[in-house]
Amino acid sequence: MGGIETQVSGLVAYQKTQGEEVFVLTLTPGDDFGGVHRFVFKLPGNFLWHPRGKSLIRKALQELKPDVVHLHFGAVSPFAWDGMRAVRELNIPSVATVHSIWGTFARKMYALTAKNWHSKTVFSSVSRIARSIVQESLHREVSIAHNGVDIDFWKSAISSESEKIEIVSATRFASRKRIRAQILVIEQVVKNLAENSPHFTIAGTGPDFKYVELLIKKKNLQKYITLTGRLDRFQLRELYAKSDLFLQMSILEAFGIAACEARAAGLPVLTRQGSGVEEFVDSGNTGYLESSDAQIVLRIMQLVSDRNLMRMLKTRSKESPPIQNWDHAANQVVRLYQQAIS
């Protein structure tokens, strides 16, 4: 599952514990279970679209009679677009949450259609950086609705310190996550520190996994990098407990769920400036936000040479977990629902 599916799943599970009646309309294939209505239409490349999307959503909404509809948008979200058209025709209050950083094409596309969006729709995004782009594109007020993370689960990790600095990442192996840039950063660290270099573990999988394996071999970095493949949350928590620092190279992060989970587990986060990670990383206290890849290399070298600084960052990160737990996220969403209904 991607970030949007993960968040919808977690939000629905939490809302049900609060006694709310929740139904999910989705194109994502999978097993059926209570309250989930799947409209699967098979297309090449597993592209998620349905030629009758709007009519199917409209019919479902007429049967369900919801108080409010929550639409979840990425960059290109045909099914959410169909949902927006359906709620406008049926005049149902709705909340639209944007979960991605819109690129140039998405900004123009949404700007061109903004006048057709439902007047009763309340807009939100998952971070201040993403919100500024949505506001600029739609010329409408946009609120913040953070993603939710199970903070208590992640902070129960029991950390330990090893002789060698352990740096961990959890990411999708895809070009937009800048996985190649990460290998090049590690190469520079190794060149500068040689045998004193930290060890890097990268969890996850994706279309570029084989390419990364070959790149690591080509750069002769097998001794310094471990690829674990996909891990479940329990395995990730165990990995974080044995690590010292979380490294994220991607910039186009509307929020950064993996980085937030690592912060909750007590790890400081090292990443680039200008992403949603700035919502929960205080640079210099619970991690560092750097201006370039070269600065990330220098920061890693500093932390390797100054173990006391690394320990201080870990202590501060452990003592100041992120606020973005499910209580926080769901309360923000409820306020948006109330705003849309009123």
Magnitude of the charge dipole, the range 45-178, Cβ model with Lys/Arg +1 and Asp/Glu -1, debye to 20 | 740 debye
Sum -39500 (n - 2.57) across every DSSP H segment of at least 4 residues in the chain, then divide by the residue count to get the 222 nm mean residue ellipticity, nearest 500.
-> -13500 deg cm²/dmol
Footprinting exposure proxy for I251, I92 (fewest neighbouring C-beta atoms within 10 Å first) = I251, I92
Charge dipole (the chain, unit charges on Cβ, about Cα centre) - positive-most of A80, I225, L112 | L112
Go through [x] 25, 52, 21, 2, 0; [y] 28, 60, 12, 0; [z] 29, 54, 17, 0 and flag the label whose value is the computed P(r) over Cα pairs in 20 Å bins from 0, in percent for this structure.
-> [z]
Dividing the convex hull volume of the alpha carbon atoms of the range 223-342 by its residue count, what do you get in Å³ per residue?
-> 136 Å³
Any idea what angle helix 307-319 forms with the longest principal axis of the chain, computed on alpha-carbon atoms, 0 to 90 degrees, nearest 10?
-> 30 degrees
For S160 and F234, what is the calculated FRET efficiency with R₀ set at 22 Å and r taken between the beta-carbons, to the nearest 0.05?
-> 0.85
Counting other beta carbons within 10 Å of each Cβ, put V40, V69, V333 in order, fewest first.
-> V40, V333, V69
Across the range 169-180, in residue order, what do the Karplus-derived ³J(HN,Hα) couplings come to in whole Hz, using 6.51 cos²θ - 1.76 cosθ + 1.60 with θ = phi - 60° and x for Gly and Pro?
-> 9, 10, 7, 7, 7, 9, 4, 5, 8, 6, 5, 5
Amide H neighbours of T226 under 5 Å, counting only residues 5+ apart in sequence or on other chains, H built in-plane at 1.01 Å?
-> F200, T201, I202
Cα extents of the range 151-319 per principal axis, largest first, Å, are 41, 32, 29
If one takes the longest principal axis of the Cα atoms in the chain, at what angle in degrees, from 0 to 90 and to the nearest 10, does the Cα axis of helix 104-113 lie?
-> 20 degrees
Can you give the net charge of the other residues whose Cβ lies under 12 Å from the Cβ of K164, counting K and R as +1 and D and E as -1?
-> -2
For the range 231-245, take each phi angle, set θ = phi - 60°, evaluate the Karplus expression 6.51 cos²θ - 1.76 cosθ + 1.60, and give the result in whole Hz per residue in order, putting x for glycine and proline.
-> 10, 7, 5, 5, 5, 5, 4, 5, 5, 4, 5, 9, 10, 10, 8
Cβ density ranking, 10 Å radius, fewest first, applied to W49, W102 yields W49, W102
Quickly work out the T104-to-K16 label distance, labels modelled 7 Å from Cα along the C-beta direction, and quote it in nm with one decimal.
-> 4.4 nm
To the nearest 10 degrees, how steep is helix 293-305 against the longest Cα principal axis of the chain, on a 0 to 90 scale?
-> 50 degrees
Which links in K191/K223; K164/K223; K108/K177; K59/K120 stretch past 18 Å when you go from one Cα to the other?
-> K108/K177; K59/K120
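None of the figures in this text is laboratory data; all of them are computed from the coordinates on show. None of these values were measured; they are calculated from a predicted model. Please note: Cβ atoms are built from the backbone with ideal geometry, for glycine as well, and neighbour counts cover all protein chains shown.
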